[in-house]
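K.L.:
The structure that follows is given in the form of structure tokens.
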Amino acid sequence: MQPYQCTTVIRERGINHNTPCKDTNTFILANEGKVKAICNGQGRYDQTNGTTKSVAKFRIVRCDLKNNGARKPKCQYKGTLLTNRIVVVKCEGKLPVHYYGDEMTFESNNALLFFNLCTCAVCAPQQ
């Protein structure tokens, strides 16, 4: 998926079916196995909020609603490609069921710094 495909992919997958246009939809650009691995030993569980952070870094496309307050079928999205992201998900039954956010990593002086850039969007793995 490319950032310019946000509106088409969201429509084709029925993400806004019977709901108002969502402000943000996020797509992880990886195969299903790599995304599922976050909940199967390739993630770090956070007891404070029950989420799991990926060990692997991902590319994601964040799709933001262009026309605020729009109602279906006029949902139009602008996509942004984000790279080098730690993905934060909610796992149930060893499956990622909710995209909680992402963090960009910077390596500086052998230290890893995290910045939370996006929260509370729906995850839909790239296939």
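K.L.:
Looking at 97, 88, which one is in a strand (DSSP E or B), modelled with pLDDT of 95 or more and hydrophobic (A, V, I, L, M, F, W, C)?
P.N.:
Just one listed residue meets the conditions, 88.
K.L.:
Out of curiosity, is residue 24 among the β-branched types (Val, Ile, Thr), surrounded by fewer than 15 Cβ atoms within 10 Å (Cβ to Cβ), closer than 26 Å to residue 4 by Cα and modelled with pLDDT of 90 or more?
P.N.:
So residue 24 fails the test.
K.L.:
Is region 9-29 home to any residue that is in a loop (DSSP other than H, G, I, E, B) and closer than 23 Å to residue 106 by Cβ?
P.N.:
For region 9-29, residues in a loop (DSSP other than H, G, I, E, B) and closer than 23 Å to residue 106 by Cβ: present.
K.L.:
Let me ask something else. Starting from region 22-49, take each residue that is in contact (Cβ under 8 Å) with a residue 24 or more places away in the chain and list its partners that are surrounded by 12 or more Cβ atoms within 10 Å (Cβ to Cβ) and assigned to a helix (DSSP H, G or I), counting only C-beta distances under 6 angstrom and pairs at least six apart or across chains.
P.N.:
Between residues of region 22-49 that are in contact (Cβ under 8 Å) with a residue 24 or more places away in the chain and residues that are surrounded by 12 or more Cβ atoms within 10 Å (Cβ to Cβ) and assigned to a helix (DSSP H, G or I), the close pairs are 25/10; 28/35.
K.L.:
Does residue 59 satisfy the criteria of being free of Cβ contacts under 8 Å to residues at least 60 places away in the same chain, charged (D, E, K, R) and surrounded by 14 or more Cβ atoms within 10 Å (Cβ to Cβ)?
P.N.:
yes
K.L.:
May I pose another question? Kindly list the number of the only condition in (1) touching a Cys at 6+ places or on another chain (Cβ under 8 Å); (2) outside any strand (DSSP E or B); (3) surrounded by 15 or more Cβ atoms within 10 Å (Cβ to Cβ) that fails for residue 34.
P.N.:
(1)
K.L.:
If I ask for residues that are touching a Leu at 6+ places or on another chain (Cβ under 7 Å) and either more than 13 Å from residue 90 (Cβ to Cβ) or acidic (Asp, Glu) (or both), which ones from region 31-46 would you list?
P.N.:
Once the filter is applied, which keeps residues that are touching a Leu at 6+ places or on another chain (Cβ under 7 Å) and either more than 13 Å from residue 90 (Cβ to Cβ) or acidic (Asp, Glu) (or both), region 31-46 yields only 36.
The values are calculated or read from the model by the stated rules, or taken from the named source; none is laboratory data. This structure is a prediction, so every number in the text was calculated from the model and none was measured. Counting neighbours? That spans all protein chains shown, and the Cβs are built from the backbone with ideal geometry, glycine included.
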